[in-house]
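Enquirer: This structure is in structure tokens; I'll ask about it shortly.
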Amino acid sequence: MSVGTSGAQKAPRARDVRGTPASRRGDAAELGADREAEPGAELEAGAGSGLGVDPDDLPDGLVVADERGRVICFNAAAARIAAVSAADALGRPLEWALPLEDLEGRRWWQLTDPYGGLAIRVGQPERNLLLPGGREVLVSARYVRTHPTGPIRRVVVSLRDTEARRRTERSHAELIATVAHELRSPLTSVKGFTATLLAKWERFTDDQKKLMLETVDADADRVTRLIAELLDISRIDSGRLEVRRQPVDMGAAVGRHIQAYVASGQSADRFLVRIEHPLPALWADPDKVDQVLSNLIENAVRHGEGTVTIEVTPSASPREREDREDAANAATSVTVSDEGTGIPEESMNRVFTRFWRGSKRGGTGLGLYIVKGIVEAHGGTITVGRAPGGGAEFRFTLPVGTPAYLL
């Protein structure tokens, strides 16, 4: 676990931990002169003279014990994670400074016995252990020996907080729970209607049969959309979302969505479309552009009020804003706004996160997360703000892009 470069000359023994205050190195009388002549007495976790890294600069907890099991290094991250001050830990037995237990309640140092265990053991792999109070930490250890089967000279312990991992696990658990809930409702409906039709087909009129089959068809579409969302999230999280660029007429795409809403019963007067010409020749994935437009317009229709305004304008490329002249008309911007109550200021930084649903429940809360992933996969940007009419305003910008056959 040496921090220095392999070719760097080792620092003198009196500087076990380069740049570390004397209080962090323990009692000089105990750890100083009597080790000066010991071969290999440098602290393995210390910095080589080439880098001069202070253990307190390390992001993970670092604890080092000497050949007698006494702590000689306890950096700031270790003090924060273990809730023990460095002053209290230095010079104490390792098991006192880090009273670790495994998930079954067994004391870890007695279980692993680094000083009295197998002479060929080189350390302990990373695992979840518990500090007093039940706090979980990720712990790994390395045993430093003078030769492969010799006595231990140092035990170097690395500590990592598990909070980031726990947040990820909670997010995954919430995703599973949300998906299970969203799938259960349409599948229950599909199962109920199909079972009823199979058992009592002759009892229903043609109109009743048609209504049931239309409901089954709509629920099947809902399940298909949810599965597509899950696949999109998987690709976005892994960086594998593919963009198949083709010529896209953004104005025509917006028009198709408005026509679909009018055909489904929405008043044509509720929509106001402004298109500024000429627009640049945009190359993007038409299916994914439709997915973005569908989500943003649907949000404005369902959760907003008043007129839904869609503006399509030429714009500077989001990647080249420093050079306005060369970047002019190098991208297309689309703004979707409504006249509702809008999004609270304190919630705007969470709009594009998973499961954000605002004040109105319903849906998976994954749509805007996917929208952001699609826009960024095109090299674009998306923002949210307050519209002039007081509602929410979403604006995304897509660069002109490169044709698929040139990629």
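Enquirer: Considering only residues that are more than 16 Å from L368 (Cα to Cα) and touching a residue at least 60 places away in the same chain (Cβ under 8 Å), which ones fall in the range 292-315?
Expert: E305, G306, T307, T309, V312, S315
Enquirer: Which of the residues spanning the range 111-152 are part of a strand (DSSP E or B) and among the basic types (K, R)? Walk me through how you get there before you give the answer.
Expert: Within the range 111-152, the subset part of a strand (DSSP E or B) is 123-130, 136-145, 152.
Within the range 111-152, R127, R142, R145 meet the criteria.
Enquirer: Here is a follow-up. Would you pick out the residues in the range 190-213 that are closer than 22 Å to T224 by Cβ and not basic (K, R)? Let's see the steps before the verdict.
Expert: Applying the first criterion (closer than 22 Å to T224 by Cβ) to the range 190-213 yields 190-195, 197, 210-213.
Of everything in the range 190-213, those that are closer than 22 Å to T224 by Cβ and not basic (K, R) turn out to be V190, G192, F193, T194, A195, L197, L211, M212, L213.
Enquirer: Right, another one. Which ones in the range 233-256 are in contact with a Phe, Trp or Tyr (Cβ under 9 Å, 6 or more places away or on another chain) and surrounded by 17 or more Cβ atoms within 10 Å (Cβ to Cβ)? So that I can check it myself, show each step before the final result.
Expert: Residues of the range 233-256 in contact with a Phe, Trp or Tyr (Cβ under 9 Å, 6 or more places away or on another chain): 233, 236, 245-248.
I233, I236, R245, V248, listed by residue number.
Enquirer: Is one or more of the residues making up the range 247-266 touching a helix residue (DSSP H, G or I) at 6+ places or on another chain (Cβ under 9 Å), farther than 26 Å from G304 by Cβ, at pLDDT 90 or above and not polar (S, T, N, Q)?
Expert: yes
Enquirer: With respect to S189, is the statement that it is polar (S, T, N, Q), farther than 30 Å from R354 by Cα and touching an Asp or Glu at 6+ places or on another chain (Cβ under 8 Å) true? Let's see the steps before the verdict.
Expert: Working: polar (S, T, N, Q): yes; farther than 30 Å from R354 by Cα: no; touching an Asp or Glu at 6+ places or on another chain (Cβ under 8 Å): yes.
The answer is no for S189.
Enquirer: Next question, about the same structure. Among residues belonging to the range 296-329 that are assigned to a helix (DSSP H, G or I) and open to solvent by 30 Å² or more (accessible area, probe 1.4 Å), point out the one that is modelled with the lowest pLDDT.
Expert: E325
Enquirer: Now for a different question. If you scan the range 139-188, which residues turn out to be modelled with pLDDT under 75, of a type in the set (V, I, T) and open to solvent by 50 Å² or more (accessible area, probe 1.4 Å)?
Expert: Result: T168, single match.
Enquirer: Consider the range 236-246. How many of its residues are modelled with pLDDT of 85 or more, under 27 Å from E182 (Cα atoms) and among the charged types (D, E, K, R)?
Expert: Selection size over the range 236-246: 1.
Enquirer: Quick one: is A45 open to solvent by less than 20 Å² (accessible area, probe 1.4 Å) and at pLDDT below 90? Write out each step before concluding.
Expert: On the way: open to solvent by less than 20 Å² (accessible area, probe 1.4 Å): yes; at pLDDT below 90: yes.
In short, yes.
Enquirer: Tell me, yes or no, whether the range 197-204 has at least one residue that is over 30 Å from D113 (Cα atoms) and in contact (Cβ under 8 Å) with a residue 12 or more places away in the chain. Reasoning before the result, please.
Expert: Within the range 197-204, the subset over 30 Å from D113 (Cα atoms) is 197-204.
Narrowing further to those that are in contact (Cβ under 8 Å) with a residue 12 or more places away in the chain: 197.
Yes, the range 197-204 contains at least one residue that is over 30 Å from D113 (Cα atoms) and in contact (Cβ under 8 Å) with a residue 12 or more places away in the chain.
Enquirer: Across the range 90-107, what is the total count of residues that are open to solvent by less than 80 Å² (accessible area, probe 1.4 Å), at pLDDT 90 or above and out of contact with any Cys (no Cβ under 9 Å at 6 or more places or on another chain)? Walk me through how you get there before you give the answer.
Expert: As a first pass, look at the range 90-107 and keep what is open to solvent by less than 80 Å² (accessible area, probe 1.4 Å): 90-91, 93-94, 97-102, 105.
Filter once more, so that each one left must be at pLDDT 90 or above: 90-91, 93-94, 97-101.
Subsequent filtering for residues that are out of contact with any Cys (no Cβ under 9 Å at 6 or more places or on another chain) retains 91, 93-94, 97-101.
Qualifying residue count, the range 90-107: 8.
Enquirer: Given (1) in contact (Cβ under 8 Å) with a residue 24 or more places away in the chain; (2) farther than 27 Å from G365 by Cα; (3) in contact with a Ser or Thr (Cβ under 9 Å, 6 or more places away or on another chain), where does P247 come up short, assuming only one miss?
Expert: Among (1) in contact (Cβ under 8 Å) with a residue 24 or more places away in the chain; (2) farther than 27 Å from G365 by Cα; (3) in contact with a Ser or Thr (Cβ under 9 Å, 6 or more places away or on another chain), P247 violates only (3).
Yes or no, residue by residue, for (1) on the phi > 0 side of the Ramachandran plot; (2) open to solvent by 30 Å² or more (accessible area, probe 1.4 Å); (3) at pLDDT 90 or above:
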residue	(1), (2), (3)
V336	no, no, yes
E376	no, yes, yes
A387	no, no, no
G390	yes, no, no
P399	no, no, yes
A404	no, yes, no
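Enquirer: Of all residues in the range 65-89, which are over 32 Å from the mean Cα position of the chain (by Cα), within 19 Å of P114 (Cα to Cα) and open to solvent by less than 30 Å² (accessible area, probe 1.4 Å)?
Expert: Correct list: A65, D66, G69, V71, I72, C73, A89.
Enquirer: Restricting the first residue to the range 267-291 and requiring it to be without any contact (Cβ under 8 Å) to a residue 24 or more places away in the chain, which pairs with a second residue that is open to solvent by less than 70 Å² (accessible area, probe 1.4 Å) meet a Cβ separation below 6 Å and a spacing of at least six or different chains?
Expert: A268/V262
Enquirer: While we're on this one: Does at least one position in the range 165-184 carry a residue that is in contact with a helix residue (DSSP H, G or I) (Cβ under 8 Å, 6 or more places away or on another chain) and within 26 Å of A77 (Cα to Cα)?
Expert: Taking the range 165-184 first, the residues in contact with a helix residue (DSSP H, G or I) (Cβ under 8 Å, 6 or more places away or on another chain) are 175, 179, 182-183.
When the remaining residues are screened for being within 26 Å of A77 (Cα to Cα), the result is none.
No, that holds for no residue.
The values are calculated or read from the model by the stated rules, or taken from the named source; none is laboratory data. All values derive from a computational prediction rather than experimental measurement. When we count neighbours, we look across all protein chains shown, and the Cβ atoms used for this are built from the backbone with ideal geometry, even at glycine. Just so you know, the surface numbers come from the protein's heavy atoms only, side chains and all, with ligands and any DNA or RNA stripped out. Shrake-Rupley method; radii C 1.70, N 1.55, O 1.52, S 1.80 Å.
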